[in-house]
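Following: one structure in structure tokens, then a few remarks.
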Amino acid sequence: MIDYNEILERADIVEIIDSYLPLKKAGQNYKALCPFHEEKTPSFTVSASKQIYKCFGCGKAGNVINFISEYEKISHQEAAVRIAEKIGMKISTPKTANKTDTKQSILYKIYNLAAKHFSENLNKHGQQVMKYLADRGISQATIEKFELGYALDSFSALKDYLTENGAKEELLAKSGLFKKSDTGRMYDQFRNRLIFPIHSETGRVVAFGGRILEDEAKAAKYINSPTTPIYTKGNELYGLYLTKYDINKSGYAIIVEGYTDFLRLYSSGFTNVVASLGTSLTEDQVRLLRRFTQKFYLLYDGDASGRKAMLSASQIAVAKGVKVNIVELPESEDPDSFLRNNEPTDLTERIERAKSIIEFVHQDQVMGLEEKEKIDTLLTVARNIDDMINQELFIKEIAETFSVSMNAIWSKIKRKSMKREHVSEKLNSCIEERDLLRLVLNDLNLYKKVGKEIDSSYFFKKDYGILFNYIGVNVDGVSNVNQLLDKIEDNKLRDLCGELLLDDSPIIPYDTLSKNLRLRKLENEFIGVNQKIMETKKAEELAELIQKRKKLKHEINELKARTVKKTLY
């Protein structure tokens, strides 16, 4: 049993991090060159008093477990065990663990057993499958490394195997491995298919993909596990659990769409590759892969649909601050067929000649886009880039590539971004929100008072409101902010937490903050009601709005009067 709170209490973050990189005293804190991005001036800060780290260059933040997990590219649990070993803390496993297994942990065991079953089938009965894999140049070493398997042409082979190994039918029904007939009888979903186990980033089998062996058959070519308590489609990347080390080492990731493309590349020596599991690249997948590299090379089919898929994936990745390069294949080729017809060095040359998204769209003659459509498509990408410098550089490249003036492009972006600019104005007035969160994070007991007066609807800045909600949900289960950090899985939220904790600027007193936030919300609602009054034409609705405006005005005046009275006395 891992006691994360005890590890956090006993481990000294300064001592642990100093064993990985040299820290230098800087006032009350310690500093070093950040290990997560290149920099010449140290911006990586470690606080001994708060037991957290924060880089003011790349934004990463967290506690000592987060650091080890991020630095060594291992899971949160593995990082905790590693720290426990460093500080001489023993981790015991209770003998009663089997009695207290959660449904989630049992599902992991079921999937592990299923993977073993499919692998045994491949070795004993998968001659046809082995021939299929050999014809595509997928090596035996790759087959074993990624635990490929074979589902027998049977309606009950897997079910019988799992039942014989102690799995209960009620949990099998929730595993996503089976379907039910009209009569309610459960039967194997994967039958007579090549099986691709899908692993989480930490290496656990969480799902399966299955390819039919005869392309002319009427059944779907590929079927995949549905969403379960241990698997959400669009959250995982095929192969990442093994290729993340080579991705981190090489400095970039090659992204393909399908299992076969992935395995073909891996067998050909391109070991810094992942697959998006046959779906469009998602924000969650980008967020996951971005932990290991900030540079993506997209390698999809060369036809129009493959190119459009790369364009769609690029939009998501570029918006998240990733540098995207597009590798073009001939229109009739996909990554698998290209490597079957050419040498690995030919693909290496194409990777070296990869294009930026702007260059790719400008030169494309396959997707059938007119020049104005190409520019509009790229402007959509530009609007979603949050970093202002990256956005300006992107727009400058559009202007230079298409020989269009910067003024014309900015004018078009601004016309369609009025709503976004209005929101930005609101966000600029969020100092009180920030200070309130800083107060609460430095004294979690204060939340009990704050939570009675204010909720997330009082926050104009979305991230601040999310963090406030998160504190509310978890505050009863933690005794200090270091333990709270340990519960935050979202990197962006944890980085924000670290930033707020290490901000030493003066804070407005709590009573003033609370009053300002409540008053601001009432005044914002008052403006919204006034706007509706001007727009509505229905008499009944107008009467209700006028009454609501009157009530809001009364609440605003009352809150202001209470504040003045408190000041006088």
- Query: Between residues in the stretch 190-204 that are in contact (Cβ under 8 Å) with a residue 40 or more places away in the chain and residues that are among the polar types (S, T, N, Q) and assigned to a loop (DSSP other than H, G, I, E, B), which pairs lie under 6 Å by C-beta distance while being six or more apart or on different chains?
  - Reply: THR202/SER75
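Check the stretch 68-79 and report whether any residue there is at pLDDT below 90, at positive phi and either surrounded by fewer than 21 Cβ atoms within 10 Å (Cβ to Cβ) or in a loop (DSSP other than H, G, I, E, B) (or both). Quick ask: steps written out before the conclusion?
Initial filter on the stretch 68-79 (at pLDDT below 90): 69-79.
Among the residues that remain, those that are also at positive phi are: 73.
This time we only want the ones that are either surrounded by fewer than 21 Cβ atoms within 10 Å (Cβ to Cβ) or in a loop (DSSP other than H, G, I, E, B) (or both), so: 73.
Yes, the stretch 68-79 has at least one match.
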- Message: For the stretch 329-349, check the following and say yes or no: at least one residue is out of contact with any helix residue (DSSP H, G or I) (no Cβ under 6 Å at 6 or more places or on another chain) and either in the same structural domain as ALA61 (by TED's automatic domain parsing) or under 30 Å from CYS58 (Cα atoms) (or both).
- Response: no
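Here is a check on your reading of the model: is LEU437 at pLDDT 90 or above, within 13 Å of ILE471 (Cβ to Cβ) and either of a type outside the set (Asp, Glu) or under 28 Å from the mean Cα position of the chain (by Cα) (or both)? Full working, then the answer.
Working: at pLDDT 90 or above: yes; within 13 Å of ILE471 (Cβ to Cβ): yes; either of a type outside the set (Asp, Glu) or under 28 Å from the mean Cα position of the chain (by Cα) (or both): yes.
The answer is yes for LEU437.
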- Task: Name the single residue, out of those in the stretch 467-480 being at pLDDT below 85 and among the β-branched types (Val, Ile, Thr), that is farthest from LEU436 (Cα to Cα).
- Result: VAL478
- Task: For ARG10, work out the one condition from (1) within 29 Å of the chain's Cα centre (by Cα); (2) within 28 Å of GLY477 (Cβ to Cβ) it doesn't fulfil.
- Result: (1)
- Item | Search result, residues across the stretch 163-205 that are outside any loop (DSSP other than H, G, I, E, B), among the hydroxyl-bearing types (Ser, Thr, Tyr) and in contact with a strand residue (DSSP E or B) (Cβ under 7 Å, 6 or more places away or on another chain) | TYR187
- Of all residues in the stretch 218-264, count the ones that are under 19 Å from PHE292 (Cα atoms) and in a helix (DSSP H, G or I). 12
- Query: What tally of residues in the stretch 137-180 results from selecting those that are among the hydrophobic types (A, V, I, L, M, F, W, C) and surrounded by fewer than 14 Cβ atoms within 10 Å (Cβ to Cβ)?
  - Reply: 2
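Against the condition touching an Asp or Glu at 6+ places or on another chain (Cβ under 8 Å) and aromatic (Phe, Trp, Tyr), how does PHE44 come out, does it pass?
On the way: touching an Asp or Glu at 6+ places or on another chain (Cβ under 8 Å): no; aromatic (Phe, Trp, Tyr): yes.
Against the criterion (touching an Asp or Glu at 6+ places or on another chain (Cβ under 8 Å) and aromatic (Phe, Trp, Tyr)), PHE44 does not qualify.
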- Message: Looking at the structure I just gave you, is LEU311 crowded, with 24+ Cβ neighbours inside 10 Å, in a helix (DSSP H, G or I) and either assigned by TED's automatic domain parsing to the domain that holds ASP490 or touching a residue at least 40 places away in the same chain (Cβ under 8 Å) (or both)?
- Response: no
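For the stretch 22-38, which residues satisfy the criterion of being closer than 23 Å to GLN294 by Cα and surrounded by 14 or more Cβ atoms within 10 Å (Cβ to Cβ)?
Filtering the stretch 22-38 for residues closer than 23 Å to GLN294 by Cα gives 32-38.
ALA32, LEU33, CYS34, PRO35, PHE36, HIS37, listed by residue number.
Here are some residues: LYS168, LYS180, LYS233. Which one is outside the structural domain of SER75 (by TED's automatic domain parsing), more than 30 Å from GLU489 (Cβ to Cβ), free of Cβ contacts under 8 Å to residues at least 60 places away in the same chain and of a type in the set (Lys, Arg)?
Values: LYS168 fails: more than 30 Å from GLU489 (Cβ to Cβ); LYS233 fails: more than 30 Å from GLU489 (Cβ to Cβ).
Among LYS168, LYS180, LYS233, only LYS180 is outside the structural domain of SER75 (by TED's automatic domain parsing), more than 30 Å from GLU489 (Cβ to Cβ), free of Cβ contacts under 8 Å to residues at least 60 places away in the same chain and of a type in the set (Lys, Arg).
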- Task: Please work out which one of (1) surrounded by fewer than 21 Cβ atoms within 10 Å (Cβ to Cβ); (2) of a type in the set (Lys, Arg); (3) at negative phi is the condition LYS50 fails and give its number.
- Result: (1)
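Please work out which residue is surrounded by the fewest Cβ atoms within 10 Å (Cβ to Cβ), limiting yourself to the stretch 122-136 and to residues that are in a helix (DSSP H, G or I) and in contact with a helix residue (DSSP H, G or I) (Cβ under 8 Å, 6 or more places away or on another chain). Full working, then the answer.
Going residue by residue through the stretch 122-136, those that are in a helix (DSSP H, G or I) are 122-125, 127-135.
The next check asks that each one be in contact with a helix residue (DSSP H, G or I) (Cβ under 8 Å, 6 or more places away or on another chain); those that pass are 122, 129-130, 133.
Working: LEU122: 21, VAL129: 22, MET130: 17, LEU133: 21.
Across the stretch 122-136, the extreme among qualifying residues is MET130.
Please count how many residues of the stretch 314-366 are charged (D, E, K, R) and touching a residue at least 40 places away in the same chain (Cβ under 8 Å). Quick ask: steps written out before the conclusion?
Step one: list which residues in the stretch 314-366 are charged (D, E, K, R), which gives 320, 323, 328, 331, 333-334, 336, 340, 343, 346, 349-350, 352-353, 355, 359, 364.
Subsequent filtering for residues that are touching a residue at least 40 places away in the same chain (Cβ under 8 Å) retains 334, 336, 340, 359, 364.
Residues flagged as charged (D, E, K, R) and touching a residue at least 40 places away in the same chain (Cβ under 8 Å) within the stretch 314-366 amount to 5.
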- Message: Residue pairs, Cβ under 6 Å, 6 or more apart or interchain, first in the stretch 274-287 and touching a residue at least 12 places away in the same chain (Cβ under 8 Å) and farther than 10 Å from ILE316 by Cα, second of a type in the set (Asp, Glu) and surrounded by 14 or more Cβ atoms within 10 Å (Cβ to Cβ). List them.
- Response: SER276/GLU257; GLY278/GLU257
- Of the residues in the stretch 335-383, those that are touching a Phe, Trp or Tyr at 6+ places or on another chain (Cβ under 8 Å) and part of a loop (DSSP other than H, G, I, E, B) come to ALA354
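Which of the residues belonging to the stretch 273-301 are aromatic (Phe, Trp, Tyr) and part of a loop (DSSP other than H, G, I, E, B)?
To start, the set of residues in the stretch 273-301 that are aromatic (Phe, Trp, Tyr) comprises 292, 296-297, 300.
Correct list: PHE292, TYR300.
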- Here the residues within the stretch 203-224 that are within 23 Å of GLN77 (Cβ to Cβ) and either basic (Lys, Arg) or assigned by TED's automatic domain parsing to the domain that holds GLN77 (or both) are ARG204
- Task: Answer yes or no as to whether ASP495 is surrounded by 12 or more Cβ atoms within 10 Å (Cβ to Cβ), modelled with pLDDT of 85 or more and in contact with a Cys (Cβ under 9 Å, 6 or more places away or on another chain).
- Result: yes
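The values are calculated or read from the model by the stated rules, or taken from the named source; none is laboratory data. This is a predicted model, so every value here is computed, not measured. We place every Cβ from the backbone using ideal geometry, glycine too, and count neighbours over all the protein chains shown.
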